[in-house]
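Read through the structure below, which is laid out as C-alpha cells, and then see the notes.
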C-alpha cells in the first residue's frame with residue numbers, strides 16, 4: 001500500500017504544478033489579496049459561488065496545495081512508522097519541510113505582490129517537491145527494493161550523462177520559471193525563428209532570458225537524445241532503464257511542441273500550463289532514469305545501514321562492450 | 001539527557017523563526033497612509049488668474065472597443081466593452097488626462113479634503129480615467145455583488161503598489177499617494193478586463209476629457225506652462241502655452257492611431 005500511496009502523492013504533486021501553472025498563465029496570482037485566508041474567510045469555508053474569475057484559479061491552487069501538503073504529511077508519517085531505511089524516512093521529512101516552505105513562499109509572494117525572486121523560488125521549489133515525491137515513490141517500489149536485475153554492473157558513462165541531463169533539465173526549468181515570472185514569455189514572438197532570424201537581431205534583458213530558454217531546450221534535446229540513445233543501444237533489455245528512456249523520447253517532442261504553441265498562441269493558459277507540467281514530467285522521468293542507473297549505490301540492509309556493494313558481475317556483453325574489451 | 005534538555009530551546013527558536021516569517025509575510029499589508037506634503041494657502045491670486053481650455057481629438061480609425069467575455073463571473077453585466085478608445089463626434093477623444101506638467105515653480109497647493117472616488121460597478125471601474133492630488137485621499141468603493149480586488153500600481157510605479165480585496169458591496173478602502181505620477185494604473189485580477197488610470201499631480205490644474213474631448217484648466221496664475229495630455233493607448237503629447245492676467249487660451253491636442 002505504501003508504494004501505491006507514494007505514487008498517488010507524486011501524481012497529486014503534478015496536478016498541483018498544473019494548477020500553479022494556470023494561476024500564472026491566467027495572471028490570477030493576486031486575485032486573492034490575503035493569505036492564508038481568502039477574502040477574510042477561512043480557506044476551506046470559502047463559498048463555492050464566489051470562486052469566480054481569477055479567484056477560481058488561485059483558490060483551487062491553494063486548496064490543491066493544502067491537499068498535497070496533507071498527503072505529504074501523511075506520507076512522511078507513514079514512512080516514519082513503516083519504512084526500515086533511515087534515509088528514506090528522512091526523505092519523507094525533507095519532502096514535508098519542502099512542501100511547507102513551498103506554502104510559505106506561495107503566501108509571501110501574494111502578500112508582497114509577486115516579487116520575481118520569490119515567485120521564481122516558488123516555481124523552482126515546486127519542482128524539487130515533485131522530485132522528492134517521485135523519488136519516494138521510486139525507492140519504495142517493489143522493483144527498486146528488488147534491485148531490478150541482480151548482478152548487473154554499473155554503467156559509469158550512463159550514470160554521468162544521466163546526472164548531467166537531469167541537472168540540465170532542472171536548469172532549463174529555472175530559466176523557464178524566470179521567463180514566466182519576468183514577463184518574458186513573448187519577448188521573442190515568433191517560432192522557430194527569432195524576429196525572423198536564427199539569432200535575435202536586437203536584445204534586451206527579456207529577450208536574453210527567452211533566448212536562453214530556447215538554447216536550453218536545444219541542450220536538453222541533445223542530452224535526452226544522447227541518454228536515451230545510449231540506453232536503447234546498450235541496455236535495451238533492462239526495462240527499468242528502457243522504459244523511462246522511451247518515455248523521455250515521447251515527452252521531449254511533446255514538450256517542444258507545447259513550447260512552440262505557447263509562443264504562437266500568445267501564451268494560451270491551458271497550453272502554457274501543460275508546457276509547465278510536461279517540463280516537470282521530463283525532469284522526474286530523467287530523475288527516475290538517473291536513480292535507476294545508480295541503483296547499485298543504494299545497496300543497504302533493512303536497518304538502513306549501508307553494506308558493501310555486491311561483487312560486480314559483467315552484464316551480458318553488448319557489441320559496444322565487446323569492442324571496448326577488445327580495445 | 002542533553003538532547004532532551006535542548007528540545008524546548010529548539011522549539012523556542014522554531015517559534016521565533018515562525019513568528020519572524022509570519023511578521024515578514026504580513027509586512028506587505030494594506031496600510032496606506034503615506035507622508036503628505038505640507039500644504040500652504042493657495043498662492044494664486046483670483047483677480048489675475050487665467051484659464052487654459054481645449055479639445056483633444058483622435059486622427060484615424062481606432063480599433064473598435066471589443067466586447068468583454070464576462071462568463072467567468074455570472075455576477076457581472078453580460079454586455080460590456082473595452083474602453084480603450086472612446087471617440088465622439090469629429091474625432092473627439094474621451095478619457096484623456098490633461099494637466100499642468102511644468103511652469104508652476106515652487107508653488108505648493110493645498111490638498112483638497114474631499115476624497116476622490118474610484119468605483120466598481122457592473123465589473124468595470126468608474127470612472128475609467130481620473131485625477132488626484134498628492135496627499136488627497138482616494139476612496140475605492142465596490143457596489144457589485146461579487147468579489148473584486150483593487151490592485152493599484154506595479155513594480156515599476158513610483159508610488160507603492162497595493163492590493164485590496166473587496167468582498168461586500170459598499171465596502172471602502174482608502175489610499176493616499178505620496179508622489180506625483182502620470183499615469184498610475186489600476187487592475188482587478190479577478191476580472192482581468194477591469195482597468196483604470198489615475199493621474200497623480202501636485203497641483204489642482206488637471207482635467208479628464210469627456211465624450212466631447214473638451215478640457216478646462218481654470219484659475220492658473222499668469223505664466224508659461226507645459227501642458228501634457230496623456231491617453232492610455234495613444235500616448236503623450238505636450239504643448240507650451242503662455243497666459244496673461246485673466247486671459248483664457250485655447251489649445252488642442254491631436255493624437256493619431
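List of remarks:
- Cα pair distances exceeding 16 angstrom across the range A:20-61, given as percent: 26 percent
- Helix A:2-25 axis, angle to chain A major axis (alpha carbon atoms, nearest 10°): 40 degrees
- Counting other Cβ atoms within 10 Å as a rough exposure proxy, the listed residues A:264, A:114 run A:264, A:114 from fewest neighbours to most.
- Across peptide A:28-35, the mean count of Cβ atoms from other chains lying within 10 Å of each residue's own Cβ comes to 6.
- Spin-label pair residue A:186-residue A:297: with each label point 7 Å from Cα along the Cα-Cβ axis, the two points sit 4.4 nm from one another.
- Using the Cβ-Cβ distance between residue B:247 and residue B:66 with R0 = 45 Å, the FRET efficiency computed as 1/(1 + (r/R0)^6) comes to roughly 0.55.
- Computed on the Cα trace of the range B:134-211, the radius of gyration divided by the Kirkwood hydrodynamic radius gives Rg/Rh = 0.97.
- Sorted by Cβ neighbour density within 10 Å, fewest at the top, the residues A:149, B:100: A:149, B:100
- Of all DSSP beta bridges in the protein assembly as shown, antiparallel share, percent nearest 5: 70 percent
- Ratio Rg/Rh [Cα only; Rh per Kirkwood] for the range B:94-223: 0.98
- Two-decimal log10 I(q)/I(0) for the range A:99-220, as the Debye equation yields it once each C-alpha is a single scatterer, q = 0.12, 0.14 Å⁻¹: -0.65, -0.80
- Given R0 = 51 Å, the distance between the Cβ atoms of residue B:45 and residue A:208 translates into a calculated FRET efficiency of 0.35.
- Rough spin-label spacing in nm, given labels placed 7 Å along Cα→Cβ, for residue A:221 and residue B:158: 4.7 nm
- Sorting A:240, B:181, B:247 by the number of Cβ atoms found within 10 Å of their own Cβ, with the fewest placed first, yields B:247, B:181, A:240.
- Cα-based Rg of the range B:70-139 normalised by 2.2 N^0.38 Å, two decimals: 1.52
- Counted over the range A:192-311 with a bin width of 5 Å, the fraction of Cα pairs per bin, in whole percents, is 2, 10, 15, 17, 14, 12, 10, 8, 5, 3, 2, 1, 0.
- Normalised per residue, the volume of the convex hull around the Cα set of chain A (Å³): 142 Å³
- When Rg and Dmax are taken over the Cα atoms of the range B:216-257, they come to 11.9, 37 Å.
- Expressed in units of 2.2 N^0.38 Å, where N is the residue count, the Cα radius of gyration of the range A:250-289 is 1.16.
- Helical content alone sets the calculated 222 nm signal of chain A at -24000 deg cm²/dmol, taking -39,500 (n - 2.57) per DSSP H segment of four or more residues and averaging over every residue.
- More than 17 angstrom apart: percent of Cα pairs within the range A:1-95: 56 percent
- For the protein assembly as shown, alpha-carbon Rg and Dmax in angstrom: 30.5, 107
- Each Cα pair under 8 Å and six or more residues apart adds its separation to the average, and for chain A the resulting relative contact order is 24 percent.
- Base-10 log of normalised Debye intensity for the range A:84-138 (one unit scatterer per alpha-carbon) at q = 0.25, 0.29 Å⁻¹: -0.89, -1.05
- Residue separation of residue B:115 and residue B:172 scaled by 0.36 nm, minus their Cα-Cα distance, works out to 19.3 nm of gained length.
- Value of Rg to Rh for the range B:96-170, rounded to two decimals, is 1.02; Kirkwood radius and Rg both from alpha-carbon coordinates.
- Computed over the alpha carbons of the range B:160-247, Rg followed by Dmax gives 16.7, 51 Å.
- The convex hull drawn around the Cα atoms of the range B:180-219, when projected onto a plane and averaged over every direction, covers 3.8 nm².
- Residue-normalised convex hull volume from the C-alpha trace of the range A:141-197: 144 Å³ per residue.
- Extension reserve of the residue A:49-residue A:249 stretch, reckoned as 0.36 nm per residue once the Cα distance is removed: 67.7 nm
- Angstrom value of the Kirkwood radius, inverse mean 1/r, which spans all Cα pairs in the range A:28-185: 18.0 Å
- Prolate/oblate/rounded label for the range A:104-174 (Cα gyration tensor, a/c 1.5): oblate
Readers should treat all values here as calculations from the given coordinates under stated rules, not as data from a laboratory. Given the structure is predicted, the values throughout are model-derived calculations rather than measurements. Glycine also receives a Cβ, built like all others from the backbone with ideal geometry; neighbour counts cover every protein chain displayed.
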